[in-house]
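Visitor: Following this message is one structure expressed as structure tokens.
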Amino acid sequence: MNTSKNPNIICGWGRFPCIEASILDKIDFSKSFIPRAYGRSYGDEALYKNVYDSTGLNLFIDIDLEKEYIEVQGGVQLQKILKLLMPKGYTLPVVPGTSFVSVGGAIANDIHGKSSRGAFGDFIQSLEILTPKGLYKCSKDENNDLFFGTIGSMGLLGIITKAKLKITKGSPYIKQNIIPTKGIENAIDTLERFDKDYEFSVCWIDAFTENALVMFGDYAYYEELPLDLKLRFKAFKEKKTIDIPLVMPNFAVNDLDMRAYNIYYFNKMPKDESLVHYFDFFFPLDNIKNWNRLYGRRGFLQYQFVGPKEASLEVFDVIKSHKIYPYLVVLKRLKNAPDRVFSFVKEGFTLALDFPVKDDVLKMLHKFDEIIMRYNGLIYMAKDSRLPKDVFQYIYNDQIKALTSLKAKYDENNILKSLMFERLFMR
Ligand SMILES: Cc1cc2nc3c(=O)[nH]c(=O)nc-3n(C[C@H](O)[C@H](O)[C@H](O)COP(=O)(O)OP(=O)(O)OC[C@H]3O[C@@H](n4cnc5c(N)ncnc54)[C@H](O)[C@@H]3O)c2cc1C
């Protein structure tokens, strides 16, 4: 779980912020800590002076293909589950943009993906959580306040020790259809027009030129595959990754590099139907291990929000007027997540924007915050380390109250605590 050469320094995925921490391999409720798995959350929600390393909870417990479920411990990585399921023709209904996250982390942020079926939390049949008050089994029918509260709880209620997840029929190959377009408005319209025809959708946008690739996908099931891929279906091989071994002190990608890379990427991608590997469709960034080091010493941050189409258009207007361009822009469409206590997932368009950490960027993000507040949108806490407390309290008002009252029931002394919790929840 360490993200640095110094084992006691841990960072958010954006490498901003980083702190010195004690890493606990046993759960001990006599002192405050936060669970932390693979550190793929960008900001400070998995950071605290004491962190419990949940990656040791790595056992597979049960699998039933007929009943379509898998049960695993909370630290198991999604990639490991996919490698087990895919050769059998099964998969997880919802995965994020990286396979290197744990089941506990995916539940704790109620992560979303490219799937039109919903969010990760919609496919949990039951879970087990160890809170300072005790160990609870939860489902829709048992301790359901804690079940819905744990989904999206950001580690603040306890440690997710086990989860039973719904699985569905799938394939290691995806029929991909890419529609090129230009301009944020056209990208949103294209996504909105065609996403109901596909199981998966996502849009990549080059903020410099506003070239966009609206990508759709469906599973290519075994029967539909050409013979050579049929032969490879059951021999699911790990894909090779390139590593960025160090954070180079005098190196960081800049506007010129990214302009050039985005033009290259736009041109090289197919602009019609093709058959691609599941991992290339869902996790293109996983091909470069530690790609977050490319941003150099100061690190980067991702601003992700959800709101109506107009919010995305206004955010893009601010970007253009400031001429401060995000290096990566990903657009998706979300639908409501019912019954949650605290979750980012709600109906609307979500834009994820990567920026290097710089003072002028931080100033511009305040303008984004104002837009999101005006449109009743939400900002994703899995990606945040800078949101002002008043903005957080305004946008998540009711959700904060609901999570805080559950915390009073299961963790009355606030043993579970992160930097984010201290920064935004506490007085
Ligand atoms: C390249 C990339 C692409 C991404 N794409 C998406 C995306 O498409 N959609 C999306 O929603 N997110 C996305 N994310 C964010 C990522 O899915 C979440 O931040 C996820 O929670 C990280 O999981 P982790 O196991 O690394 O947990 P960590 O980052 O270590 O922790 C995340 C949170 O989970 C809590 N936690 C971890 N383990 C447990 C446990 N066992 N019990 C209780 N709480 C626990 C922590 O306390 C913390 O609050 C992406 C991240 C990256 C780096």
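Visitor: Kirkwood hydrodynamic radius, region 173-386, all distinct C-alpha pairs: what's the number in Å?
Guide: Mean inverse Cα-Cα distance, inverted, gives 18.8 Å.
Visitor: Right, something else. Note the full-extension length gain between residue 322 and residue 83 as 0.36 nm times their separation in residues minus their Cα-Cα distance, in nm to one decimal. Mind dumping the intermediate values first?
Guide: Working: separation 239, 0.36 × 239 = 86.04 nm, distance 4.41 nm.
Roughly 81.6 nm would be gained on extension.
Visitor: Let me ask another. What does region 60-181 give for Rg and for Dmax, in Å, if only its C-alpha atoms count?
Guide: 14.8, 53
Visitor: Could you tell me which of 82, 377, 11 has its Cα farthest along the dipole of the chain towards the positive end, charges placed at Cβ (Lys, Arg +1; Asp, Glu -1), taken about the Cα centre?
Guide: Most positive-ward Cα: 11.
Visitor: Run the dipole for the chain about the Cα centre, Lys and Arg Cβ at +1, Asp and Glu Cβ at -1, nothing else charged, and hand back the magnitude in debye, nearest 20.
Guide: Numbers: 58 positive and 53 negative charges, 173 e Å.
Here the chain has a charge dipole of around 840 debye.
Visitor: Cα convex hull of the chain: how many Å³ per residue? Walk me through the numbers on the way to the answer.
Guide: On the way: hull volume 58.1 nm³, N = 427.
Cα convex hull per residue, to the nearest whole number: 136 Å³.
Visitor: Same structure again: Measure off 7 Å from each Cα along the Cα-to-Cβ vector at residue 363 and residue 69, then give the distance between these two points in nanometres to one decimal.
Guide: The modelled label-to-label distance comes out at 5.5 nm.
Visitor: About the Cα centre of region 1-123, what is the dipole size in debye to 20, counting +1 per Lys and Arg Cβ and -1 per Asp and Glu Cβ, all else neutral?
Guide: Numbers: 13 positive and 13 negative charges, 90 e Å.
That gives region 1-123 a dipole magnitude of about 440 debye.
Visitor: Moving on to the next point. Going toward the positive end of the dipole of the chain, with +1 on Lys and Arg Cβ and -1 on Asp and Glu Cβ, which of 186, 425, 146 do you reach last?
Guide: Among 186, 425, 146, the one farthest towards the positive end of the dipole of the chain is 425.
Visitor: From the cross-link list 240/309; 166/196; 335/363; 162/332; 367/417, which pairs have alpha carbons spaced over 27 Å apart?
Guide: Details: 240/309 38 Å; 166/196 22 Å; 335/363 30 Å; 162/332 29 Å; 367/417 29 Å.
Violating the 27 Å limit, Cα to Cα: 240/309; 335/363; 162/332; 367/417.
Visitor: Continuing with the same structure: If you stretched the chain out fully between residue 288 and residue 144, how much longer would it get, using 0.36 nm times the residue separation minus the C-alpha to C-alpha distance?
Guide: Working: separation 144, 0.36 × 144 = 51.84 nm, distance 3.98 nm.
Gain in length upon complete extension: 47.9 nm.
Visitor: Sorting 66, 224 on the 10 Å Cβ count, fewest up front, what's the list? Display every interim value, and only then the final one.
Guide: Details: 66 5, 224 14.
With the fewest neighbours first, 66, 224 line up as 66, 224.
Visitor: Whole-Hz Karplus ³J(HN,Hα) for region 107-119, in order, using 6.51 cos²θ - 1.76 cosθ + 1.60 and θ = phi - 60°, x for Gly and Pro?
Guide: 6, 5, 10, 6, 5, 10, x, 8, 6, 7, 7, x, 9
Visitor: So for 13, 291, fewest C-beta neighbours within 10 Å to most, what's the order? List each step's numbers first, then the result.
Guide: On the way: 13 24, 291 17.
Result, fewest neighbours first: 291, 13.
Visitor: Could you tell me the calculated FRET efficiency between residue 242 and residue 310, based on Cβ-Cβ distance and R0 = 41 angstrom, to the nearest 0.05?
Guide: Taking R0 as 41 Å, the efficiency between residue 242 and residue 310 is 0.55.
Visitor: Write out the cysteines belonging to the chain for which the nearest other cysteine Cβ is not under 4.7 Å, or none if no such cysteine exists.
Guide: Result for the chain is 138, 203, no neighbouring Cys Cβ within the cutoff.
Visitor: Here's another thing I want to ask about it. Between residue 255 and residue 218, what is the label-point separation in nm under the 7 Å Cα-to-beta-carbon projection?
Guide: Going by the 7 Å Cα→Cβ label model, 4.3 nm.
Each value in this text was obtained by applying a stated rule to the coordinates, not by laboratory testing. Just so it is clear, the structure is predicted and the values come from calculations on it, not from any experiment. Neighbour counts run over all protein chains shown; Cβ positions are idealised from the backbone, glycine included.
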